[in-house]
Amino acid sequence: MKSGYKILWTDHALDELAKTFEYLEENFSEKELQRLSNSIEFTL
């Protein structure tokens, strides 16, 4: 369901997300990373 809102990512937010995924790639399984990615996509 579309909400009609548009999400604008700041450079800072994108940098933080990238840093988070870099950390998670070292400490989480591929399955957990995929689950997180899917969850973020669904929420957005």
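The values are calculated or read from the model by the stated rules, or taken from the named source; none is laboratory data. Bear in mind that the values here come from a model prediction, so they are computed numbers and not experimental data. When we count neighbours, we look across all protein chains shown, and the Cβ atoms used for this are built from the backbone with ideal geometry, even at glycine. Heads up: the accessible areas ignore ligands, DNA and RNA and are worked out on the full protein's heavy atoms, side chains in. Shrake-Rupley method; radii C 1.70, N 1.55, O 1.52, S 1.80 Å.
Observations, loosely collected:
- Any pair with Cβ under 7 angstrom, 6 or more apart, that starts in the stretch 14-39 at a residue that is without any contact (Cβ under 8 Å) to a residue 60 or more places away in the chain and ends at one that is open to solvent by 80 Å² or more (accessible area, probe 1.4 Å): Leu33/Glu25
- The stretch 13-39: number of residues that are polar (S, T, N, Q) and open to solvent by 80 Å² or more (accessible area, probe 1.4 Å): 3
- Taken together, the criteria place Phe42 among residues that are without any contact (Cβ under 8 Å) to a residue 24 or more places away in the chain, open to solvent by 60 Å² or more (accessible area, probe 1.4 Å) and in a helix (DSSP H, G or I).
- Whichever residue in the stretch 1-12 is under 14 Å from the mean Cα position of the chain (by Cα) and modelled with pLDDT under 95 and, among such residues, is most open to solvent (accessible area, probe 1.4 Å): Leu8
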